[in-house]
1. In nm, to one decimal, how far is the modelled label at Ser583 from the one at Leu548, with both set 7 Å along Cα→Cβ?
2. Set the Förster distance to 41 Å, then compute FRET efficiency between Leu134 and Leu592 from the Cβ-Cβ distance, nearest 0.05.
3. Grab the Cα-Cα distance for Glu627 and Thr449, subtract it from 0.36 nm times how many residues apart they are, and report the gain in nm with one decimal.
4. Report the label-to-label distance for Asp85 and Glu479 in nanometres (one decimal), using points 7 Å from each Cα along the Cα→Cβ vector.
5. Convert each backbone phi in region 74-80 into a coupling constant with the Karplus relation 6.51 cos²θ - 1.76 cosθ + 1.60 (shift: θ = phi - 60°), then list the ³J(HN,Hα) values in order as whole Hz, x for Gly and Pro.
6. Sort the following peptides by mean Cβ neighbour count (other Cβ atoms within 10 Å, averaged over residues), highest first: 359-365, 474-480.
7. Report the extension gain between Asn220 and Tyr122 in nm, rounded to one decimal, defined as 0.36 nm multiplied by the number of residues separating them, less their alpha carbon distance.
8. Would you kindly state how much longer the chain becomes between Thr559 and Val285 on full extension, computed as 0.36 nm times their sequence separation minus their alpha carbon distance, in nm to one decimal?
Amino acid sequence: MRSRILTRYILSEVLSHGAIGLALFTFVIFMRDLGRLLELIVRNSAPLPSVAEIFFLTLPTALTVTLPMAVLVGILIGLSRLSADSEVTAIRASGMGAMLFVKIVSIFAIGLWILAAVNTVYVAPRSAAALAHLQDKLKSSQASFEVQPRVFYEDFKNVVLYVEDSKSGSGSALWKGVFLADVTTPQEPKITVAEHGVVVPEGTESLHLHLENGTQQDMNPKDPSQYQISTFDQTDIPIQVPETADKPAPELVPVAELSTSELWRRAHAGGVSAGHYLGNSDKQVKARWYAVEYHRRLALPSACLVLALVGIPLGLSSRRGGKSMGFVLTIVLVFIYYVFSLVGVSLARQGKLPPAVGVWAANAIFTIAGILLLHRVDRAPIDLSWLTTGWESLRERISMKSSAEREEGKGGAFEKSLTRTRVFRAKFPLLLDDMILRDFVMYFVMVLTTFVMLALVFTFFELLGDIVRNRISMLTLGEYLLNLSPSLIYLMTPLSVLLAVLVTFGLMQRSNELTAMKATGISIYRVAFPVIVIAAVVAASLFVFDQLYIPHANKRQETLRNEIKGKPPQTYLRPDRKWIFGSNNTIYYYELYDPDQNRFGGISIFQFDPKTFALTARMYAQHAHWEDGLQKWVFERGWIRRFNGAAIDEYRPFEVTTTAIAAEPPAYFKKEVRQSQEMDYEELLHYIRDLQQSGFDVVRFRVQLYKKLAYPIITLVMAILAIPFSVSRQRRGGALAGVATAIGIAILYWVSAGLFEAMGNANQLPALLAAWAPNLIFGFAAGYMVLRVPT
């Protein structure tokens, strides 16, 4: 009977921490894609069941990484808590050895190993294949909604599309002012202009474009004097959906989508044996790729067992530090395991080690270490003083105490420890603030490090198929992950602050430290003040970080990601086949542009009636250059036509001419094609102004501009919001309840923030409101709850 009670007690401790860790780690991975899924819902570009299906089909891939981590965090934090409270000592004093803990915890580890094995070997490949099929099925409907107002969409095959306004309908998009250019012959595009248009998906490979009240204009490239104009009340034009840019070759179907049995068959196709995987022939390389993935699917679930083998003796030996020491050990062990795993996979992929040896190396090393540690802990606790000493040393460095103040505080009373002499009688920070800030900063750094490392590991496995297919070197991969880290730090800092505040004050509440402070007359507001100050500093640092470093890192990581994906290098200046909207109701199209000499090659200009969007003039020139003396463009060897409805009022060929239609200076055509995350606030602001002059849609950019100010502030909001939850009477739950609360708050915030951003991008909300609404909602909630906290 006693054994059953003990088993349930230990399992409940391990299971509760493991479940919280699994939920938290999985949510961290989904933070990257949450905005994309919410935008699908807001834009109605995919049915809600399909969006839910995308979410659930992505889940198994995330669980392949997070399940082993959940096993380790559950065992280490659970057993560390028991060890710190001397419960492990009491159990062992009653005659029960370390093997009792091994038997009990193995129930948890084996259960998650079975779950992980079923997920990785069977569920995840089927989910990946189903997800690819679903995305292919939704490809045409997505393309119809990706065409944004006043943006030139050049992804359709041989077609350039521009619309003045767009509204979402039921299963279709409604367009106003449609400009369609067939660029099969780039020198002389065939133009279709319509007052209204409706686009609906037609199968998976094409769109059906229904146009109303428009004209089609075509000319003979060999004889410019021959020009045809046809009008229509209604017409239908099929448009082919663009193929996926990174679609692999048929013989290299993504390994994530292959069944495990198919991987085994391909790994041994053509009689390739284990000893012949190390060659460099095409057959051997492909077989090696499939063998690496096959063994990886078996090795990753087994990490649940080997990490448990190491975690049990270390958790039983963590007498000092409690849960914090368990968390530190989790970070260290997960980092070491995945480093060994990634190095082994890389060596196996390069043919320097057999696939089985390279992939299973990390498991073998941790198994040996676990057996040795278990043998050692059964006789006496493992000496973790070196880690404890380093941990305490790091805490001391963060603490703001001086040596003299520490000596003075050793013999003082509790009240004396809360105050100290300050120059100019400054009342902040006090020793009390030092203590709180020390713990908060340490938990913040640990949590943030864990989240970033988890995201990097998941990114590696997510890109493994592309790395193998395109033969990317580890140096390139390492540089990509290094440049990806700043944006991950920026993304996960608010969640890390929220969790750090909840854990810090949750532990203080559980150990009655907050009660002692209240007894001395110190208000909860005063206790929370240092955390609010440091959160404000972190928020300001995030904005500065985004201004000075993140844009450059994002630009570099985008270039490296294109290389890993096998895409052509990204070009920021696109002088070939460029479309741009002018300031005088004109559209420019040019085949070549030399920004140094300010010269065009093969330039066409289309002028429109701003009310009806009817074409009023069209001009073509073989060459054009900017004349500084005239401050005008000089066009050479071309023609100009002026229209009155479907009739041609004027046709004039020329050798050299100037025109008032082209009023933009050379700088107008030197705009960079950049992403909002690759610019700081000032650059993005100027970029928006330039795009507006060119007639581009800037709604998305405006939302991102305001988010550059709003997102760092949420760090402060999260710190304030966490205070009432952490100081409530949750002594039994303590820090564990704080972590569960953090997950709930984080999910609510990021879902609401994603929805508001998607609504802003869809022009359903003003950009300013879309960016700041989550901060205002959660800020008011935080203020209200803080004011109701008993002080």
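The values are calculated or read from the model by the stated rules, or taken from the named source; none is laboratory data. No experiment lies behind these values; they were computed from the predicted model shown. Here Cβ is always computed from backbone atoms with ideal geometry, including for glycine, and neighbour counts include all displayed protein chains. Quick note on the areas: whole protein, heavy atoms, side chains included, nothing else; ligands and nucleic acids left out. Shrake-Rupley method; radii C 1.70, N 1.55, O 1.52, S 1.80 Å.
1. Label-label distance for Ser583 and Leu548, simple model: 3.6 nm.
2. 0.50
3. The Glu627-Thr449 span can extend by a further 58.4 nm.
4. Computed distance between label sites Asp85 and Glu479 equals 5.2 nm.
5. Calculated HN-Hα couplings, in order: x, 5, 5, 5, x, 5, 5 Hz.
6. So the peptides 359-365, 474-480, ranked by packing, come out 359-365, 474-480.
7. 29.4 nm
8. That pair, Thr559 and Val285, stretches by 96.0 nm at full extension.
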